[in-house]
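A.B. asks: Would you mind keeping the following structure in view while I ask a few things?
What follows draws every value from the coordinates through simple rules; no lab data is involved. Quick caveat: nothing in here was measured; it's all calculated off a predicted structure. FYI the Cβ positions are ideal-geometry reconstructions off the backbone, even for glycines, and counts take in every protein chain you see.
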Amino acid sequence: MFIIGSIIGFVVFLVELESPSMGHILFRLNDKGIKEFSFGSLVEMLRAPFIHTYFWTNTSLYSVNWIITSLVGGIIFYII
């Protein structure tokens, strides 16, 4: 159950990246005005908690820290 919860937590992280508050990280407009998937932006957001300490110290950024959302999702589903 922990793995299923972690996957759900990761999906929550991906949805949060697309929220208007984050500014549409995954799908961006290209130079022709067409929305396209931005793999590079996803990789940068996955790397960010390992590089920037404020992803761990600023509690408002916990929703965009994939490690925290995955762990919390896993723990919740493990308890349930």
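A.B. asks: Tell me which of these PHE10 doesn't satisfy, since it passes every other one: (1) in contact (Cβ under 8 Å) with a residue 60 or more places away in the chain; (2) loosely packed, with under 11 Cβ neighbours inside 10 Å; (3) within 11 Å of the chain's Cα centre (by Cα).
C.D. replies: Among (1) in contact (Cβ under 8 Å) with a residue 60 or more places away in the chain; (2) loosely packed, with under 11 Cβ neighbours inside 10 Å; (3) within 11 Å of the chain's Cα centre (by Cα), the lone unmet condition for PHE10 is (2).
A.B. asks: Output yes when any residue across the range 29-40 is in a loop (DSSP other than H, G, I, E, B), surrounded by fewer than 10 Cβ atoms within 10 Å (Cβ to Cβ) and touching a strand residue (DSSP E or B) at 6+ places or on another chain (Cβ under 7 Å), and no when none is.
C.D. replies: Just the residues of the range 29-40 that are in a loop (DSSP other than H, G, I, E, B), to begin with: 30-34, 38.
Checking the rest, the ones that are also surrounded by fewer than 10 Cβ atoms within 10 Å (Cβ to Cβ) come to 30-34.
So of that shortlist, the ones also touching a strand residue (DSSP E or B) at 6+ places or on another chain (Cβ under 7 Å) come out as 30.
The answer is yes, given that some residue of the range 29-40 is in a loop (DSSP other than H, G, I, E, B), surrounded by fewer than 10 Cβ atoms within 10 Å (Cβ to Cβ) and touching a strand residue (DSSP E or B) at 6+ places or on another chain (Cβ under 7 Å).
A.B. asks: Give all pairs with beta carbons closer than 6 Å in which a residue from the range 52-80 that is without any contact (Cβ under 8 Å) to a residue 40 or more places away in the chain and in a helix (DSSP H, G or I) meets a residue that is among the polar types (S, T, N, Q) and surrounded by 18 or more Cβ atoms within 10 Å (Cβ to Cβ); count only pairs at least 6 apart in sequence or on separate chains.
C.D. replies: PHE55/ASN65
A.B. asks: Quick one: would you say PHE39 is out of contact with any Ser or Thr (no Cβ under 9 Å at 6 or more places or on another chain) and within 28 Å of PHE2 (Cα to Cα)?
C.D. replies: Values: out of contact with any Ser or Thr (no Cβ under 9 Å at 6 or more places or on another chain): yes; within 28 Å of PHE2 (Cα to Cα): yes.
Judged against the criteria, PHE39 is a match.
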